[in-house]
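Structure first, then comments.
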Amino acid sequence: ETGVTQSPTHLIKTRGQQVTLRCSSQSGHNTVSWYQQALGQGPQFIFQYYREEENGRGNFPPRFSGLQFPNYSSELNVNALELDDSALYLCASREQGTETQYFGPGTRLLVL
Amino acid sequence: SQQGEEDPQALSIQEGENATMNCSYKTSINNLQWYRQNSGRGLVHLILIRSNEREKHSGRLRVTLDTSKKSSSLLITASRAADTASYFCATGNQGGSEKLVFGKGMKLTVNP
């Protein structure tokens, strides 16, 4: 158990729709990162939030956006879903200044 | 983009044997971490080694790091069926970026 939870566990959407994925971090973990993991691949960094501000972003388009809240929860929003967005989405939290990231169980998104 | 490359991509061994996984990476790093993933779910942090360290142990795990060769290895001794999983190396880069860059992963099967 990492103390990081994600919801929902599975989700099916159609192309063009919008989706919101949620993550609840460990208490005191003020940094959260989101990763996308396509089937058979390693996770790819989407972005990172620290104290409710985005402070790092990977090679993902602006239709991927996020929010972080003071209660250690966060959201990943994806607009205008595309078929290639089908993947496992993982959030990871840590204390700022530490190196170990604690991952949630992920949300598996299928876009039809 | 992928940074690390695990080798071999798949390994099948008998219970009690040792398993060695190798990881190569391309750029300078601040640390290298190994993670385990069961059945496409969340990642479990196994061990972290910093760029100024050469070897680290944790229970049945031994990790080495050779920054001159930009490579790392993970040794699991006395393997168990429960060690069956996918294993990923991930690098934390220098320059303040705190994202993890993952390899494609390696599938380990431990046969009882």
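The values are calculated or read from the model by the stated rules, or taken from the named source; none is laboratory data. Worth saying up front: this structure is predicted, and the values here are computed from it rather than measured. Because the Cβ atoms are built from the backbone with ideal geometry, glycine has one as well, and the counts that use them run over all protein chains shown.
Couple of notes before you dig in:
- Those residues of region B:1-46 which are in contact with a strand residue (DSSP E or B) (Cβ under 6 Å, 6 or more places away or on another chain) and of a type in the set (S, T, Y), in sequence order: B:S12, B:T20, B:S24, B:Y25, B:Y35
- Identity of the residue in region A:80-99, among the aliphatic types (A, V, I, L, M) and within 9 Å of another protein chain (Cβ to nearest Cβ), that ends up surrounded by the fewest Cβ atoms within 10 Å (Cβ to Cβ): A:L88
- Selection within region B:11-30 - more than 14 Å from B:L74 (Cα to Cα) and assigned to a strand (DSSP E or B): B:S12, B:I13, B:Q14, B:I29, B:N30
- Selected residue [hydroxyl-bearing (S, T, Y), within 14 Å of chain A (Cβ to nearest Cβ) and exposed (fewer than 15 other Cβ atoms within 10 Å of the Cβ)] from B:S86, B:S58, B:S68, B:S12: B:S58
- Test: residue in region B:90-101 that is among the hydroxyl-bearing types (S, T, Y) and either closer than 22 Å to A:G58 by Cα or modelled with pLDDT of 95 or more (or both): yes
- Hey, A:N71 polar (S, T, N, Q), loosely packed, with under 13 Cβ neighbours inside 10 Å and within 12 Å of chain B (Cβ to nearest Cβ) or not: no
- The residue list B:R50, B:R80 contains one member that is among the basic types (K, R) and under 15 Å from the mean Cα position of the chain (by Cα), which is B:R50.
- Listing of strands (runs of 3 or more DSSP E) fully contained in region A:1-42 that carry 3 or more residues being farther than 22 Å from A:P61 by Cβ, of a type outside the set (A, V, I, L, M) and modelled with pLDDT under 95: none
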